[in-house]
1. Name every residue in region 43-53 that is closer than 15 Å to residue 109 by Cα and either outside any helix (DSSP H, G or I) or free of Cβ contacts under 8 Å to residues at least 60 places away in the same chain (or both), in order of residue number.
2. If you go through region 10-28 one residue at a time, how many are in a helix (DSSP H, G or I) and either more than 29 Å from the chain's Cα centre (by Cα) or hydroxyl-bearing (Ser, Thr, Tyr) (or both)?
3. Identify, please: which residue in region 54-106 is modelled with pLDDT of 90 or more, part of a helix (DSSP H, G or I) and polar (S, T, N, Q) and is, among those, surrounded by the most Cβ atoms within 10 Å (Cβ to Cβ)?
4. Can you run down the residue pairs with Cβ atoms below 6 Å, 6 or more apart or on separate chains, where the first is in region 74-86 and more than 19 Å from residue 45 (Cβ to Cβ) and the partner is charged (D, E, K, R)?
5. Restricting to region 79-100, count the residues that are more than 11 Å from residue 120 (Cα to Cα) and basic (Lys, Arg).
6. Would you confirm whether or not region 107-124 contains a residue that is surrounded by fewer than 10 Cβ atoms within 10 Å (Cβ to Cβ), in a helix (DSSP H, G or I), modelled with pLDDT of 90 or more and within 14 Å of the chain's Cα centre (by Cα)?
Amino acid sequence: MVRSAGLRTSKYAAKIVGDVVKNRVDAQKDSMVAQVTDVFPDLEAVETTTRGLLAGWGVSVTLYPSYLAYARRVYKITKVHIGTTAKNEVCIEYGKWSNTARGLDKYYLQQIAFSVGEIDISSCT
């Protein structure tokens, strides 16, 4: 069944009422904080490792945000997938970040993937 635009609009408007959103966040706040408390140290380690690699290679600091974003994506993939699936997903991510539009160094991306996720993507480079 297709929902009308009017019904969708009214349901959306009901969801974004300030009190409703506040109550949802308040009810889930403790759980949300507990979940990120476990992840934030890992993300700090990922970013520290990546920054160390970039500094050692002499990469311009203007490119750090892009490399760090790639490293965080690799980290996320390794937390969701394992084995061949993880490798394939990191290869897809590698393709996104190494294309000419972003222009990140392919070797650096490969080394970051191995350092962060212990995934060897040399076969897809």
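1. Within region 43-53, 47, 51, 52 meet the criteria.
2. The qualifying residues number 6.
3. Here the residue is 78.
4. 81/89
5. Residues meeting the conditions: 2.
6. No: region 107-124 contains no residue that is surrounded by fewer than 10 Cβ atoms within 10 Å (Cβ to Cβ), in a helix (DSSP H, G or I), modelled with pLDDT of 90 or more and within 14 Å of the chain's Cα centre (by Cα).
The values are calculated or read from the model by the stated rules, or taken from the named source; none is laboratory data. This is a predicted model, so every value here is computed, not measured. Backbone-built Cβ (ideal geometry, glycine too); neighbour counts: all protein chains shown.
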